[in-house]
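First the structure, in the form of structure tokens, and then the observations on it.
Nothing in this text is a laboratory measurement; each read-out follows from the coordinates by a stated rule. Keep in mind that what you see is a predicted model, and the values were worked out from it rather than measured. FYI the Cβ positions are ideal-geometry reconstructions off the backbone, even for glycines, and counts take in every protein chain you see.
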Amino acid sequence: MKANDKKFVHVVNFYLKPGLSAEEVRKFEVGVSSLGTIDEIQVFNVGSPASTDRPVIDKSYSYCLLCVFNNQEDHDIYQSHPIHLNFIDNCKHLWEKVVIYDSETI
């Protein structure tokens, strides 16, 4: 990415409910991974906390979703996209908390 390329970054930390079965966790993984098929997303990543260990690292979440968009308009399309809405409808019962960080390139 060039220094003058402005982007809209959407980071979502999911805190899954304790005691989920392996099948329920897999359902979440498949659902969240389906978001990567949305055309407006330029960069897509889903992961669990890395093994890094420093006092400033928060590893309390279960999964982290990272989406990079060209602009806020593309992000807004993503928010109302049927694949995104389907993921929420099918998986919201699996998490107890979601924390979102949206940022724009300065």
### Query
With charges only on Cβ, +1 for K and R and -1 for D and E, what is the dipole size of the chain about its Cα centre, in debye, rounded to 20?
340 debye
### Task
Scan (i) 45, 39, 17; (ii) 38, 27, 22; (iii) 41, 36, 19 for the value of Cα extents along the principal axes in Å calculated from this model and give just the label.
(i)
### Query
Residues with beta-carbon under 14 Å from that of A50, excluding A50: net charge, scoring Lys, Arg +1 and Asp, Glu -1?
0
### Message
Between L20 and K59, what's the calculated FRET efficiency when r is the beta-carbon distance and R0 is 22 Å? Round to 0.05.
### Response
0.75
### Query
Taking the simple approach of a point 7 Å from Cα along Cα-to-Cβ for both F44 and I83, what is their distance in nm?
0.4 nm
## Note on the structure
Fewest-first ordering of E96, E23, E40 by Cβ atoms within 10 Å yields E23, E96, E40
### Query
What value, in deg cm²/dmol to 500, does the helix sum -39500 (n - 2.57) over DSSP H runs of n ≥ 4 give at 222 nm once divided by the residues of the chain?
-8500 deg cm²/dmol
## Note on the structure
Placing each pseudo-label 7 Å from Cα in the direction of the beta carbon, E73 and V30 end up separated by a distance in nanometres of 3.6 nm
### Task
Would you mind calculating the relative contact order of the range 8-104 from Cα pairs under 8 angstrom and at least 6 residues apart, reporting the percent as a whole number?
52 percent
### Query
Can you sort H10, H84 by how many other beta carbons sit within 10 Å, fewest first?
H84, H10
